Amino acid sequence: MAHKIVTLRRGFPYTTTRVHFQHSVQQIRAMLERFKCTRIGVLDNLDGDIPTTTLVFEKGGAAFLIEFPVTYYADSRGKRLNMNISGRIIHDRIKSILVDVEIGYLEFSQAMMAYRAIPAPDGRTVTLQEAYEQCGDRLPLCGFDIRLALPEVVER
């Protein structure tokens, strides 16, 4: 998993949020439950210098994972970890994605495609977005077959 690390300064969106990280995670779980997602779990990795959080869940037998960015807030007093910002960013992103599903603009699997969990050539589980970032236009050369990420595709 490749959690992004970002540093935000005063004036950037979300830097004034007062919503605690865990509350954002609970709200995201509730949204996913409303859309009949199952096996929802939160993985906190506290090993190492940078704590990371990943939300994993299933929908219709397909696995998804959402990696929360590691967010730092920098001001005149220095740079400090502020995962409350990360929680709100992901909360709002998932909420907007699920609006597309709710209004019938996209199917769930289409809307959440970037977060679809797939096996990487090295055996790790990664998101489709991460696989694309690693291989880009070379996806076929990396041993990646997009049909494996689309359970709706029927073999012909």
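Once backbone amide H atoms are built at 1.01 Å from N, Y72 has V6, T7, L8, N82 as its partners under 5 Å, excluding neighbours fewer than 5 places away on the same chain. Averaging 1/r across all pairs of distinct Cα atoms in the chain and inverting the result yields a Kirkwood radius of 16.9 Å.
How many percent of the accessible area of the chain is carbon or sulfur, using a 1.4 Å probe? It would help to have the intermediate numbers written out before the result.
Values: 5110 of 9700 Å².
Of all accessible area on the chain, carbon and sulfur atoms account for 53 percent.
When each of the peptides 50-57, 14-21 is scored by how many other beta carbons lie within 10 Å of its residues on average, the order from highest to lowest is 50-57, 14-21.
Averaged per residue, the chain has 62 square angstrom of accessible surface, using a 1.4 angstrom probe with ligands and nucleic acids left out. If you bin all the Cα-Cα distances of the stretch 13-58 at 10 Å, starting from zero, the percentages per bin are 23, 43, 31, 3.
The values are calculated or read from the model by the stated rules, or taken from the named source; none is laboratory data. Predicted, not measured: the structure shown is a model, and the values here were computed from it. So basically every Cβ, Gly included, is an ideal-geometry build from the backbone, and we count neighbours across all protein chains shown. SASA here: full protein model, heavy atoms, side chains in, ligands and nucleic acids out. Shrake-Rupley method; radii C 1.70, N 1.55, O 1.52, S 1.80 Å.
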